[in-house]
Amino acid sequence: MAGNWKMYKTPAETVAFFEKFTPLVAGAAHCEIVICPPFTALAAAVDAVKNTAIQIGAQNIAWAKEGAFTGEISGLMLNATGVKHAIIGHSERRQYFCETDETVLKRTHAALEFGITPIVCVGERLEERESGKTEAVLIEQFTKGIAGLSAQQFAKIVIAYEPVWAIGTGKTATPEIAADAHRVIRAQVRERYGKEAADTIRILYGGSVKPDNVKALMAQPEIDGTLVGGASLEAGSFASIVNF
């Protein structure tokens, strides 16, 4: 169960969050918990979760180890903070910052090089869903952004399906709609990497996940976890999702 804080929380607010959140999920042995604060709060977050099972992730990662890439943060730097995961190819990165399937693949390679687990995001826009292109979009994003990994590399990633039309809009894909999309992705995995990989890959659902809809979503066998945005900013809310 992963939380994406987006551009929210200072280091002090991060510490305050974990003071409330950590005891609420102390008994959550059924899942991995990953929270992805902004870069400036990563050190505070890593320090706050010491001696707990909670893991910290970044919201992006550069494809280069170092160099003239103003504004980017490399896997080498993230490793130094103690980060274990990185979100890659989130729809907001694609929409506002020109992220492409090709750069998603480059960033995924970089994360794996530094032992960081990539959470690779795919998902369609509203107009693509309404014009019946969801499956084609997911296949293209998988083919260009993920299928370039070796089988050994692929075994180390997590995929997140996040329909763009359901992110921050209050609209949520029904459990059935989400499960259908997950099936499309899993079929691509089976075709490219085989049955065992398709059975073991974790595919998260992201898109207006809240305490009142998480149970229905997680009842779908195709859905292996969630990538939560706004509802992960409040300790009680995200704890309810983790403890669904």
How many residues of the range 76-92 are in contact with a Lys or Arg (Cβ under 7 Å, 6 or more places away or on another chain) and not β-branched (Val, Ile, Thr)? The answer is 1
Scanning the range 1-16 for residues that are more than 20 Å from the chain's Cα centre (by Cα) and not charged (D, E, K, R), the one surrounded by the fewest Cβ atoms within 10 Å (Cβ to Cβ) turns out to be Ala12
Ala160 buried (at least 23 other Cβ atoms within 10 Å of the Cβ) and more than 15 Å from Trp63 (Cα to Cα) = yes
- Return yes when Val189 is modelled with pLDDT under 95, within 18 Å of the chain's Cα centre (by Cα) and more than 20 Å from Cys31 (Cβ to Cβ) and no when it is not. no
Reported set for the range 148-168 where residues are under 11 Å from Ile201 (Cβ atoms) and of a type in the set (Phe, Trp, Tyr) is Phe154
Exactly one of Ile146, Ile159 is at pLDDT 95 or above, over 21 Å from Pro37 (Cα atoms) and in contact with a helix residue (DSSP H, G or I) (Cβ under 8 Å, 6 or more places away or on another chain), and that residue is Ile146
Looking for something of a type in the set (D, E, K, R), more than 28 Å from Thr172 (Cα to Cα) and touching a Phe, Trp or Tyr at 6+ places or on another chain (Cβ under 8 Å) - is there at least one such residue anywhere in the range 89-106?
yes
Requested in this report: Looking only at the range 78-92, decide whether some residue is at pLDDT below 95 and surrounded by 17 or more Cβ atoms within 10 Å (Cβ to Cβ).
Outcome: yes
Within the range 93-125, restricting to residues that are in contact with a Cys (Cβ under 9 Å, 6 or more places away or on another chain) and among the β-branched types (Val, Ile, Thr), the one that is surrounded by the fewest Cβ atoms within 10 Å (Cβ to Cβ) is Val104
Quick check: is even one residue across the range 101-113 touching a strand residue (DSSP E or B) at 6+ places or on another chain (Cβ under 7 Å), closer than 24 Å to Leu42 by Cα, of a type in the set (Gly, Ala, Ser) and at pLDDT below 95?
no
Over the range 128-150, the set of residues part of a loop (DSSP other than H, G, I, E, B) and farther than 16 Å from Gly89 by Cβ is Ser131, Gly132, Lys133, Ser150
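The values are calculated or read from the model by the stated rules, or taken from the named source; none is laboratory data. Quick caveat, the model's predicted, so the values are computed rather than measured. In this analysis, Cβ positions are derived from the backbone assuming ideal geometry, glycine residues included, and neighbour counts consider all displayed protein chains.
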